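The values are calculated or read from the model by the stated rules, or taken from the named source; none is laboratory data. Not measured: the values here are computed from a predicted model. Cβ coordinates were reconstructed from backbone atoms using ideal geometry, including for glycine residues, and neighbour counts include every protein chain displayed. Ligands, DNA and RNA are stripped out before the accessible areas are found, and what is left, the full protein with its side chains, is counted by its heavy atoms. Shrake-Rupley method; radii C 1.70, N 1.55, O 1.52, S 1.80 Å.
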Amino acid sequence: MKLYAQHGFGDGEKTITGLREGLIQGVVFGAKDIGPDKLREKLTEVNEVSPSAIRLLDPQFYVSLLSGGTNLRLGSLEEYPYFRPYRKSQLEITERVGDILQEALEFQAGLPLSGIIAPNILISRSFDSAESVISKNFIRATGARYGKLADQRPVYATVAVSREALLEKSLLQEFLADITLLDTPPDGFYLLVGASSSEARTEIFHADVIAGWLLLNYSLRVNGFEVINGYSDRLSPFLGAVGGSAGCSGWFNTLKTFSLDRFAPAATGGRLPVQTYLSTRLLNRITFIELNGLRLFLPDVLNHLPHDVDFTEAEEPQRNREVLQSWEALKTLAARLTAGDLVANLANCDAAIAQARDAYARISAARFPLDLDSKSGNDHLKDLSEGIKLFREFAEL
């Protein structure tokens, strides 16, 4: 499985450094946070640093249905020729969907990208909805419209679904049947699973949601499609274990969890996020203070990888180094969980969860003097384990 940077505001040299060090194998740019001219420059720079790197643009057309007027945080989105606000009823017209696709695909075809991501909307609540019909119309038309351009690069249809929609397993399977039986299919899918906000981590780390996301990757892969998982962060290695081609993660929470909330009117205030360390043993992030306490009696909380040097006991790492450690950990974990066939990979996932449980049990038994933050605890392990179990049932494995 490959790992891509989920690009956004505040990049600096993070992405370029990640590519140079081989921590990531590509970049998915977001139209909100980079204008067309700057995008061209950045794509050229990425190509010079790593000619083999995957270079993609998320057109973020799904924002077009948001209400909020001038208060929306659209950033550079309005600079892109295919983007404008729409009402849902306007997108129920098949011809308009085709025109939007054509405009977005033609624009991207003129950029030095390695592949093209087609626009789509978010299925915000249910597969039994007008949004689902519109989304399938975008998917059905992607391959045909792109074929008119006679471009040889791969094209990826966007599938953006809310976590609520993934809870409807029978409807999810019907949706999968509809998008895998196409006369002119795309080469693959850019898959997004949405939460109510980028801070709502428990909405994604929920057994049924994890099972649905795994099922999407498995079913699409079995049907011959490449699957790029946007904003997949810590779930990336597990998605890769069942067939996902790539996962994506960035440096802010808004680049680790997909949510339209990041485009909504901004709230006042805010502070710098607490720096964290991603432990492959715990399958979780812990704070710098927690790391310093744990490393004394549980050395395996450290990954024993090169970027551990950024997390010395003396001081917190520079903020531009934190994401490099995170990418390094995700890449290492993905290599461990995706090295075999499906059966072996799932067994590796089970083993990794068991090791994490053991580590947390040792922390508890040692009466660690510092209470772990709720985000640093072991709640995610139960949902990971149950999600894999449910996936096995749904996929009849």
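Assorted remarks:
- Among residues other than S385 with Cβ under 12 Å from its Cβ, the summed charge is 0 (Lys and Arg +1, Asp and Glu -1).
- Relative contact order of segment 77-163: 33 percent, from C-alpha pairs under 8 Å at least 6 residues apart in sequence.
- Accessible surface, per residue, of segment 245-397 when the full set of protein chains is kept, probe 1.4 Å, Å²: 49
- Tensor-based shape of segment 52-95 (alpha-carbon gyration tensor, a/c under 1.5 rounded, otherwise prolate or oblate): oblate
- Residues in segment 164-195 reached by a label modelled at A109 [backbone nitrogen below 16 Å; 7 Å Cα→Cβ]: 186-187
- The alpha carbons of the chain occupy a box of 64, 46, 41 Å along the principal axes, longest dimension given first.
- Of the accessible area of segment 214-280, computed with a 1.4 Å probe over protein heavy atoms only, carbon and sulfur atoms account for 51 percent.
- Gyration tensor (alpha-carbon) shape descriptor, segment 52-203, a/c threshold 1.5: rounded
- Using a simple spin-label model with pseudo-atoms 7 Å out from Cα toward Cβ, N320 and D308 lie 2.6 nm apart.
- For the residue pairs K88/K256; K14/K375; K148/K169, the alpha carbons lie more than 29 Å apart in K148/K169.
- Summed over qualifying helices (DSSP H, 4 residues or more, each -39500 (n - 2.57)) and divided by its residue number, the chain shows a 222 nm mean residue ellipticity of -13000 deg cm²/dmol.
- Here's the list of aspartates and glutamates a cross-link from K32 could span, going by alpha-carbon distance under 15 Å and ignoring same-chain residues fewer than 8 apart: D11, D58, E78, E79, D261.
- Histogrammed with a bin width of 5 Å, the alpha carbon distances of segment 1-84 distribute as 3, 14, 26, 22, 15, 11, 6, 3, 0 percent, first bin at zero.
- Potential lengthening of the chain between A150 and L66 amounts to 26.9 nm, from the contour at 0.36 nm per residue minus the alpha-carbon distance.
- Hydrodynamic radius (Kirkwood) for segment 224-304, which is based on Cα pairs only, to one decimal in Å: 15.0
- For segment 170-286, the antiparallel share of DSSP beta bridges with both residues in that region comes to about 30%.
- Selection of chymotrypsin sites (Phe, Trp or Tyr not before Pro), segment 195-263, meeting DSSP coil and at most 15 other Cβ within 10 Å: F252
- Inter-site label distance for D208 and D350 at 7 Å from Cα along Cβ, in nm: 2.5
- Principal axes of segment 246-397: Cα extent on each, largest first, Å: 48, 44, 28
- Distance from the Cα centroid of segment 118-147 to that of segment 287-365 is 38 Å (rounded to whole angstrom).
- If the chain linking R336 and Q102 were pulled fully straight, counting 0.36 nm for each residue of separation and taking away their Cα-Cα distance, it would gain 80.2 nm.
- Neighbour cut-off at most 11 other Cβ (10 Å), DSSP loop, GluC sites (Glu not before Pro), segment 300-367: E313, E315
- Hz values of 3J(HN,Hα) by residue in segment 113-124 - Karplus curve (6.51, -1.76, 1.60), Gly and Pro given as x: 8, 8, x, 10, 9, 7, x, 6, 9, 8, 7, 7
- With semi-axes defined as the square roots of five times the eigenvalues of the C-alpha gyration tensor, the equivalent ellipsoid of segment 313-397 measures 28, 19, 11 Å, largest first.
- In terms of its C-alpha gyration tensor, segment 268-347 comes out prolate, because a/c is 1.5 or above and the ratio a/b outweighs b/c.
- Under a 5 Å amide H cut-off, with hydrogens placed 1.01 Å from N, V155 pairs with I116, D187, G188 among residues at least 5 apart or on other chains.
- Using a cutoff of 8 angstrom between alpha carbon atoms and counting only pairs six or more residues apart, the relative contact order for the chain works out to 16 percent.
- Per DSSP, loop GluC sites (Glu not before Pro) in segment 5-95 with at most 12 further Cβ within 10 Å: E13
- Amide proton proximity set for A160, modelled H, under 5 Å, gap of 5+: I123, L192
- Take the Cβ atoms of S170 and A200, set R0 to 41 Å, and the FRET efficiency comes out at 0.95.
- Calculated FRET efficiency, D300 to D373, Cβ-Cβ distance, R0 = 22 Å: about 0.65 to the nearest 0.05.
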